[in-house]
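One structure is given here, and the rest of the page talks about it.
Nothing in this text is a laboratory measurement; each read-out follows from the coordinates by a stated rule. What you see is a predicted model, and the numbers here were worked out from it, not measured in a lab. Reconstructed Cβ throughout: ideal geometry from the backbone, glycine too, with neighbour counts over all protein chains shown.
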C-alpha cells in the first residue's frame, strides 16, 4: 500500500468518518484480528472476490436478515469461492460488541452464520476507512482489489422480515456481475439499518 | 313525521355511539418509547373532500424517530392504511427534521414530539350519517444508542356529514399548526451544480431577500446525494444563499441526478425546494459567510457596533447595581474608605482596579470567543457552568471574607494605607478586586448589557473585544470617577477605628457570596462534591487562621507556620480540583436542576417542542431562562415570580410557567438565548395565547410587570 493511502487509513479516525469511498478505486487495505485471533488483511485475498458485511448482532435490521437470508447468501457466496468477511466495528460497551473471539463464534454458531471469518474492529479503524455507516452495510471487492459495490443489502430499506421476499438483493446481483466479468449494474446504493456503534 | 323522528333517533344514536366509542377508538397507544395517536383536524368528513388526520408521536427523552430521508442510518416512520372502500390516503406531510449526530454519523429526524399529518380523500360516494373507521398500522424505528422497531395499530372514527366542515375542537389546532409549520415551496428558485467533490446549491427568492441565514441547512430527500455528516458551508447573497455540501456516495460515483429535491432550513423557517442543474445565480452569493445570527433590533453593521458599545458602557454602569456585584462592592468600599484621604494613592488604586476589570473582561471575552469559534455552545457566564471554577471561587470568597474579618492581613493593612503608605501589595489587591468583580458579576447580565453581549458575539473578534472593553469601563467607571475626584473623596470621613468596624461588617456580604457559590456548586456536583468542598473550606479557614497567627507572632522561628499554612491551603485547593477535574467537571445537562421554582408557581421543564405544543393548545407560556449562579435570576424569582398576584395571574390566564435551567451547559438553551440576541441569563419570554412573536420582559422583574405581561398574553 502506498504511503499516501497508508496515511489516509491511519488518519481516517481523526478525519471523523472517511466519507463514502469512490468506486472503481482500490479498496482500502486493512489489518484486523479475526475471531480466531489471526490477523487478516486485504492483501491475503488478492485474486479472490471479497464481500464485507458490517454486523451488529443486536440491531433489528441485522436480525431481519439473519432470519435466514444472510446465512443463505454467505453459504452461496463462499461455495462459489467468494471470501465473506463479517466485520464488527461496535466499540466496547456498545451494542453488538463481542468481548472476545469466542463470543463472536458463539453468536455465529447459534445463528448458523457461515462467513469465511468474523473480523473484530472494536476501535472502528477498518469501519472508518471504509465509511461503513450502518449494519448491515455491504461492500463487494473484485479479484483485482477494486471496490465494485457498496451500499445496502437490498432495495427494501425496512426492518420487516416479510420484505426480504420480493426485494432486489444488490449483493447477489453484484456477485453475479463480477463473476461474469462485468461491472455491477447497481454499484452504489443507500445503506440502511442501525448506525454502526463506533466509540464516541 | 315518523321518518323525521327516526332520523333524529338515528342521529342521537350516532352521537351516543360516537361519544361512547370515540375515546376508545382515539386512545393513544404506547409502543414502548413512543406514545402514538391518530387525531383529526376536522370534526367530520364531507363527501368529495380531503380531510387531514395526523399520526402524533410523543417520544421518550433521548430517543428519536426519523424523517423521510433518515440520513446515515435509521428508517422513516411508515404508515400502512386500512381504509373504507373509495377512501385513499396521500403521503405524509413531513415536519422539518432536526439533525441528530450519532458518533461520526448524521441522522435526520425528530425528538420529543412530532405531528405527521396525512391527507385522506373522502369519496363522493361516502354516505352522510355513516361513521367510518380509519385504521393506520404505523411502524416507527425509534433509536437512542440502539434502535427498536415499534409498531402501533391506531384507529380513528370519522363521521360523514353533508355540511361545511368545522375544525375538531380537541385536536384540530394541533394538526392545522403542523400543516402550517411544514416546509412548503414558497416560489423559491433553486439551482444546483454537482460533481464528485460535492453539491453546490443556490436558492433565491423573496423569503430569502436581504437575509443572512448562518444556520441554513439543506436536507435532501435522496439519501445518497450528500455526505450527511459533512459540513454545509453557507454563503449569503443579496437575494439568497449558496450552500456547498460534500458529496455522498451517489455523487462520488458520478451519478448526477436530474433534479435535487429537499428541504432548505434557514433556522426558524423551512422551504421545500426542487433544484435544476444550471449556473449559479450571482444574487445568491458574494457576501461571504454570514455572521452568526444578529439579535433582533441591533443591526449587524458598524452602527450596530457603535450602539452596542454605548449599551455596553451603560450596561457596565448598571452592573454595579446588580445583586451579584454587592459582595465585591464591599471590598472596593473598604479600600476606597482607606485611601480617601490620600488623593494620589486613591488614584493609583482606582487605576489598578480598572486594570483588573479590563484585563479580566478581555480574558473572559477572548476565552468565550475562542470557545464559540471551536463550535461550543457556551454563553456569557460560562465560567460558572464549571463546578471546578465555582468551587475554587467559593474558596477565594471565603479567604477574602476572612481577610476582611482580620483573620489575616494581605499587604498593607487598612490602617497602614490610611497613613498614606503605598505598596505593591496594595495595588495587587486593587487589581485582584477588579478581577473578582468581573468573574462574579459577569453572569448577571444587566439591562443594556444583554443585547450588547449578543451583538458582541456576532462580531469579528475586534468588534466584540471593543464591546467587552466598554463593558469593563462602565463597570469600573464609578470607582475611577470617585478616586479621581478630590471633592468626592473629601466627603469620606477621616480614617479611624470606624474603618475597622466597616471592614468587618463588609466581610459578611463576602461570606454570603461564598455561601451562595457553595450552593451553586452543590447543584452542579451533588452532595459528595459538596462534602468535599466544605472540607476544603474548613482547611482553607484553618490555614488562613494559622497564617494570621504567624503574622501576629512576627517571631522568625514561627515563620514556618506561615509556610505550613500556605502548603495546607495549596493541598486543600488541589484536593478540590482533582476529583472535580476527573469526574464532576461536566455533569450532563438535566442531571441536576436548580430549585428555582417557587412554592406558589408550578413549573414545567422547558423544551421548544413543549412550548410549541402548549401554544398549539392556545395557552399563554412564560419561559424563565435562569441559572443557579445567576443572582439576578434568583432575585427575580423571589421578588416577582414567587408572589401570590403572579400565581393568580397565571391561573386566571391558564398560562404555563416553564423553567429553562442553564446552571449546567445546555446547547439548546444557548441557541434559544442566541436567537433572542442574548448570550446569557436571565431571559424572560412570554408567548401569547393566539400565536405571534414572544415578548421579552425586562431583566429586572416586578410582580406588576409579570402580572401585566401574563394578562396581555392571554389576549394576544
Cut-off is 10 Å between beta-carbons; in what order do B:504, A:63 appear when sorted fewest neighbours first? B:504, A:63
Figure the gain on full extension for residue B:80 and residue B:256 (residue separation times 0.36 nm, minus the Cα-Cα span) and round it to one decimal in nm. 60.1 nm
Two-site FRET efficiency, residue B:567 against residue B:306, from Cβ-Cβ distance with R₀ of 45 Å, rounded to 0.05: 0.30
Per the Cauchy relation, a quarter of the hull surface: what is the mean projected area of the convex hull of the alpha carbons in the range B:619-676, in nm²? 4.4
How far apart, in nm, are two points set 7 Å out from the Cα along the Cα-to-Cβ line at residue B:604 and at residue B:221? 3.5
The Kirkwood hydrodynamic radius of the range B:143-227, taken as the inverse of the mean 1/r over all distinct Cα pairs, in Å, comes to 18.4
Measuring from label point to label point, each 7 Å out along Cα→Cβ, what is the residue B:268 to residue B:196 span in nm? 4.4
Distance in nm between residue B:504 and residue B:359 label points, each 7 Å along Cα→Cβ, equals 3.3
From the convex hull of the Cα coordinates of chain A, what is the mean projected area in square nanometres? 10.2
Can you say what percent of the DSSP beta bridges in chain A, counting only those with both residues inside, are antiparallel? Round to 5. 65
Per the rule of 0.36 nm per residue minus the C-alpha distance, extending residue B:409 to residue B:157 adds in nm 82.6 nm
Sorting B:143, B:536, A:194 on the 10 Å Cβ count, fewest up front, what's the list? B:536, B:143, A:194
